[in-house]
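This report concerns only the one structure given below.
Just so it is clear, none of the values below were taken in a lab; they were calculated from the coordinates. Note that the coordinates shown come from a computational prediction; the quantities given were computed from them, not determined experimentally. Quick reminder, even Gly has a Cβ in these numbers, built from the backbone with ideal geometry, and neighbours come from all protein chains shown.
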Amino acid sequence: MTARDQRPHILQAGPLMPYLEERLNARFSVTRLTDLPERAGHLAATGHDYTAIVTSTFLGLKPEILDSCPNVRLVASFGVGTDSLPVDHATKRGVLVTNTPDVLNDDTATMAIALLLACTRNIVANDRYVRAGEWRLRGDPPLGRSLRGKQVGMVGLGRIGLEIARQLEVFGCEIAYHTRTPRPDLPYRHEADLETLARMSAALIAIVPGGPATHHLIGARILDALGPEGVFINVARGSVVDQDAMIAALRDGRLGHAGLDVYDDEPNVPDTLAALPNVVLQPHQASATRETREAMADLVLANLDRFFADRTVVTPVVPATRTS
């Protein structure tokens, strides 16, 4: 065997950012699954060689891929979301799963607020207005709205949600939130009924995990409660809102604006949504700064390094300290 062959064998689920790929290849013997012409045959023949899998929230991981690699004891994911990962299946097999929390809180919060400002102050619409020569021809555009003194409703108040709330305080917003369990340690008001929260808020920001428990949590009834002057911001998962109901509410004027970073079927955004003038769209960029993405990559590497050193990890999705 060569020295390279003696390094831990890693299965990489698909393309990752170059910064991370370069460092993975420097440390480990890496096979990228999407580069294999015949994946099933390769895994049947060599799946037992791999001891860890690296993936991302976007790439996800199918349980059958994990089952094809019987010696894998770690799935290290780039991203905070775990709805695309077989966490329960892995845990039953004694496989650790890690993600990259916390390091993206600030930038994700900043994107939520940027989308909120873009909607309330008509930033994107006014940019189009100037470029089209409308300012010269028609005078000033319609007035925007201030955030000061307005209530912003948070749908979810985890690590990122808390950071959004803290940053909104700078704008003089009142914060209320909807979660399954109240947080009496926080200075914000808990609202048990989501429809009531929407009705009382100038804006609603979704920042909850994806998955069956939150699928279409925000539907036509909630959007109607938010109302024709309301703003809906989604930096969570596309699945948490009924996308068709949202498009209809925006089109019919029952919802004022939406600022979206996530969608049902990324990267496919419906033409009916893209054509609306009262939406601001981003291509899932909430954590997409060089500093944050490199910090996320460093955390993936830290989990791998720790695992191969002592079989523990830095950021387990399911608390565990040791694998067999």
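Structure above, values below:
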| read-out | value |
| --- | --- |
| Listed residues Ala258, Ala44, Ala112, most fluctuating in the chain (Gaussian network, C-alpha, under 10 Å) | Ala44 |
| Separation in nanometres of the label points that stand 7 Å from Cα toward Cβ, at Arg121 and Arg93 | 4.9 |
| Of all DSSP beta bridges in the range 105-281, antiparallel share, percent nearest 5 | 5 |
| Expected 222 nm ellipticity per residue - DSSP helices of 4 or more, -39500 (n - 2.57), all of the chain, to 500 | -10500 deg cm²/dmol |
| Fraction of antiparallel bridges per DSSP, the chain only, in percent to nearest 5 | 5 |
| Extension reserve of the Asp305-His190 stretch, reckoned as 0.36 nm per residue once the Cα distance is removed | 37.3 nm |
| Gyration tensor over alpha-carbon atoms, the range 155-269, equivalent ellipsoid semi-axes in Å | 22, 16, 13 |
| Protection-proxy order for peptides 284-297, 175-188, 234-247, 46-59, each taking the mean of Cβ atoms within 10 Å per residue, highest first | 234-247, 46-59, 284-297, 175-188 |
| Hz values of 3J(HN,Hα) by residue in the range 33-48 - Karplus curve (6.51, -1.76, 1.60), Gly and Pro given as x | 4, 6, 8, 7, x, 9, 5, 4, x, 4, 5, 5, 7, 10, x, 5 |
| Efficiency of FRET between Asp67 and Thr312 - r from beta-carbon atoms, R0 22 angstrom, step 0.05 | 0.40 |
| Listed candidates (1) 66, 55, 48; (2) 74, 48, 31; (3) 50, 46, 40 - label of the one calculated as Cα extents along the principal axes in Å | (2) |
| GluC sites (Glu not before Pro) restricted to DSSP loop in the range 1-55 with at most 16 other C-beta within 10 Å | Glu38 |
| FRET efficiency for Val130 and Ala248, using Cβ-Cβ distance with R0 set to 30 Å, rounded to 0.05 | 0.50 |
